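Okay, structure first, notes after.
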Amino acid sequence: MRGLAALGALVLRTPALARAPVPLYRHGLGWLLGPRLMMLEHRGRRTGEARYACLEVVERPEATRVVVASGLGERAQWYRNLRADPTCFVSVGRLRRRPATARVLGDAEASAVLERYREAHPRAWRTLRAAIEAAGGPADHLPVVELVLSAPARP
């Protein structure tokens, strides 16, 4: 477990590693990574330029909602950018660049989501928790964001 935690911590701390799957998504091959990984396209809060982050899907309560957590807490750039501008695009599974709006969950909602994740994926949670802690973050209180997908654009 320590090896996986160390690798996870390295990915959390190294933006280039965390963004390694981005080219797959941008070329329409993100579905190869399965339904538990997604790409978020958001805008830089200072530059306004497109930014990308690959994140684990914590929960998918319905087809139009994707829930993610910030393993780096509130210091994650994607999280800070969504706080400044909640409009974004989501690519997950075979969905490509679907417009979405981010909503930061309150503490009670976030705790409930993370508890469901712990119950559904205990082994993944142990590895993720160890990686978050190895990266210097608190695993007990993670910011959780719900991405509400818009209807696809009609041609």
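In the chain, Cα pairs under 8 Å separated by at least six residues give a relative contact order of 30 percent.
FRET efficiency for the pair His121 and Thr64, taken as 1/(1 + (r/R0)^6) with r the Cβ-Cβ distance and R0 = 30 Å, rounds to 0.85. Karplus-derived 3J(HN,Hα) values for region 106-111, using 6.51 cos²θ - 1.76 cosθ + 1.60 with θ = phi - 60°, are x, 4, 5, 5, 4, 4 Hz; glycine and proline are entered as x.
So what's the back-of-envelope 222 nm ellipticity for the chain, counting only DSSP H runs of four-plus at -39500 (n - 2.57) apiece and dividing by all residues, rounded to 500?
-10500 deg cm²/dmol
For region 104-155 versus region 17-81, the spacing of their alpha-carbon centroids is 12 Å.
Of the whole protein surface, His27 contributes about 140 Å² of accessible area at a 1.4 Å probe radius. The alpha carbons of the chain occupy a box of 49, 32, 32 Å along the principal axes, longest dimension given first. Rolling a 1.4 angstrom probe over the protein heavy atoms with all chains in place gives region 72-155 an accessible area of 56 Å² per residue. Computed over protein heavy atoms with a 1.4 angstrom probe, the accessible surface ordering of Tyr117, Tyr52, largest first, is Tyr52, Tyr117.
Neighbours of Ala139 by Cβ distance under 9 Å: Lys/Arg scored +1, Asp/Glu scored -1, total -1. All other residues whose Cβ lies under 11 angstrom from that of Val22 are scored, Lys and Arg at +1 and Asp and Glu at -1, for a net of +2. With the whole protein complex present, Arg97 retains an accessible surface near 120 Å², based on a 1.4 Å probe.
For region 42-155, the carbon plus sulfur part of the accessible surface works out to 50%, probe radius 1.4 Å. Using a probe of 1.4 Å on the protein chains alone, the accessible area found for Glu133 is around 90 Å².
The values are calculated or read from the model by the stated rules, or taken from the named source; none is laboratory data. Here the structure is a predicted model, which is why all the values come from computation and not from measurement. Virtual Cβ from ideal backbone geometry, glycine too; neighbours counted across all protein chains shown. Ligands, DNA and RNA are excluded from the accessible area calculation, which covers all protein heavy atoms including side chains. Shrake-Rupley method; radii C 1.70, N 1.55, O 1.52, S 1.80 Å.
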